[in-house]
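Structure record follows, encoded as structure tokens.
None of the figures in this text is laboratory data; all of them are computed from the coordinates on show. As the structure is a computational prediction, the values presented were derived from the model and not from experiment. Here the Cβ is made from the backbone with ideal geometry for all residues, glycine too, and neighbour counts use every protein chain on show.
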Amino acid sequence: MDYTEAWTVYSNSTVTGPEEEPEELCNLDPNPVEAITQTYIHGIICAFGLIGNLLVIVTYIFYKRTKTMTDVYLYNVAVADLIFVVALPFIIYNEAHSWLMGSAVCKMLRSVYSINLYSGMLLLACISGDRYFAIVQARRFFGTRSRTLIYSRLICSAVWVFAVALTLPTLIYTECVEEQNLWAGTVTVMCQLSFRTSQKAKLMKVLVPSLQMAIGFLLPLLVMVFCYSSIVYTLLRAHSTQRHKAVRVILAVVVVFIVCQLPYNVVLLDHTLSLFKERSCDAEKLKLKVLAICRSIAYLHCCLNPILYAFIGVKFRSHFQQIMVDLWCFSKKYIYSSRASRATTEVCISGFKTSDASNNMSSFTA
């Protein structure tokens, strides 16, 4: 999310008198090559995120009869990521073209990323907490986790409400703003944060990214580090042949989270701290370029979540294989003749029932 104007006045020299030339305008628009490259990257993220999160949702709804707390959290993470990847093409369009869809859609578009950030990151923290209680505190909570499934739904509801509440500043202050491109001689409509007074602009341009960094990154990171370090310690003490694989999976989860989110948050923090300082045009161009790259890396997390939290699990992979079999069977129904179609339908129904029969597994994340 960008917090700067497309056109800003920067000082490259000291003004010594009234006869000096006025400060030159700095064009912060990305060059065409960078814009096209970023569009392709976002398109790939959108495609893989759409497929992966849809598979998680389909598995949860149609192929998972017994649902655990982690399953509920995973389902909500997939929903949050799916909402974001569906909105991503509109975000790409807004960055490259004049906004034509009105103020209401503009507000919804700018709010989607914020809601996804807060809800997704907090739900990942909930998953780490659930695994902490299941492994580290297993004896204390033995026999009670299956009866607390309702609490996971309440926690998810609370996370969504909290995410929407934190997104209210973005929702309120996002507007369609006309910007004049002095180099091209055109006027474009941009969907971005806009403020009536400079005091409010200073407050919100610091408050919004600060909340994102504190609640959308630091809080989940601290929870994940505590929970997963305790889990790793417990697993290393246990005499289990699967402990090394479990430790590798946990390390992968933490490393991917840090690699995807840390660079963007560090750059965003530096960018926020320098918002109200005088910057040279070249330095600002470089900073915005790095911010755009780190933001794209952060977007990657929405298509990596299904792999890290679901596809790694043996039980989920078995459901995924059954989905592929069922899709193949049902596709043959529309290709072959009516006689072959009837035979194919019987196979598909049999396969689907087999999938249902295996739904007694406790979690597709294991």
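Starting with the fewest neighbours, write out Arg139, Arg279, Arg131, Arg248 ranked by other beta-carbon atoms found within 10 Å of each beta-carbon.
Values: Arg139 6, Arg279 17, Arg131 22, Arg248 11.
Ordered by Cβ neighbours within 10 Å, fewest first: Arg139, Arg248, Arg279, Arg131.
For region 88-170, what percent of Cα pairs sit more than 16 Å apart? Walk me through the intermediate numbers first.
On the way: 2160 of 3403 pairs.
The share of Cα pairs beyond 16 Å in region 88-170 comes to 63 percent.
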